[in-house]
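The values are calculated or read from the model by the stated rules, or taken from the named source; none is laboratory data. Keep in mind the model is a prediction, meaning the values are calculated, not measured. Here the Cβ positions follow ideal geometry from the backbone for every residue, glycine too, while neighbour counts run over all protein chains shown.
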Amino acid sequence: MLRGNHESRNMTEAFTFRLEVLERYDAEVYDLFMETFDAMPISALVAKKYLAMHGGISPDLNKLEEINLIDRFNEIPLDGIFCDLMWADPMDDEAAVNGDFKENPERECSNYFGKKPVKALLKKNKLLSIFRGHQV
């Protein structure tokens, strides 16, 4: 199980999770949920061949070891590798073929990524593919 963009204080407030927990339990239980979310892994290496994350890749990510340097025991920031692992989206198929990275105004943070940086990251880290759970 990996942490996603909804496992954050901002998103639990925006989508009523916080309100529901406070109505059914109390602030202490909500804080325990947040501590649990903060402790969840933000990516996983599967069978040493696949990189899994909720969102996508980052222009700041070169080596997988950089993910281990992230202090995940915090709220998800609005930029950088941590943000992109939670929020980045692939470009649509046509743009992705030769696409690199571009801003993602739909999310108001992170980026869209194309096939070019995916292939570079896979090659550099000897991986076969990335898996993401953000959307269909």
**Complete:** Of the conditions (1) at negative phi; (2) exposed (fewer than 13 other Cβ atoms within 10 Å of the Cβ); (3) at pLDDT 95 or above, the single one that PRO117 does not satisfy is (2)
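Inside the stretch 12-100, counting only helices (runs of 4 or more DSSP H) that do not spill past its ends, which hold 1 or more residues that are surrounded by fewer than 12 Cβ atoms within 10 Å (Cβ to Cβ) and in contact (Cβ under 8 Å) with a residue 12 or more places away in the chain?
Details: elements: 17-24, 27-39, 65-68, 80-87, 93-96.
Here the list reads 27-39.
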**Message:** It is to be established whether one or more residues within the stretch 1-11 are more than 16 Å from the chain's Cα centre (by Cα) and of a type outside the set (S, T, N, Q).
**Reply:** no
**Asked** Take the residues of the stretch 1-11 that are touching a residue at least 60 places away in the same chain (Cβ under 8 Å) and in a helix (DSSP H, G or I): which is surrounded by the fewest Cβ atoms within 10 Å (Cβ to Cβ)?
**Response** ASN10
**Fill in**
Of the residues in the stretch 55-97, those that are more than 19 Å from LEU128 (Cα to Cα) and of a type in the set (Gly, Ala, Ser) come to GLY80, ALA88, ALA95
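Here is a list: ALA44, ALA27, ALA52. Which entry is over 24 Å from GLN135 (Cβ atoms) and at pLDDT 95 or above? Walk me through how you get there before you give the answer.
Numbers: ALA44 fails: over 24 Å from GLN135 (Cβ atoms); ALA52 fails: over 24 Å from GLN135 (Cβ atoms).
Matching residue, one of ALA44, ALA27, ALA52: ALA27.
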**Complete:** Restricting attention to the stretch 120-136, the residues that are within 23 Å of HIS6 (Cβ to Cβ) and surrounded by fewer than 15 Cβ atoms within 10 Å (Cβ to Cβ) number exactly 4
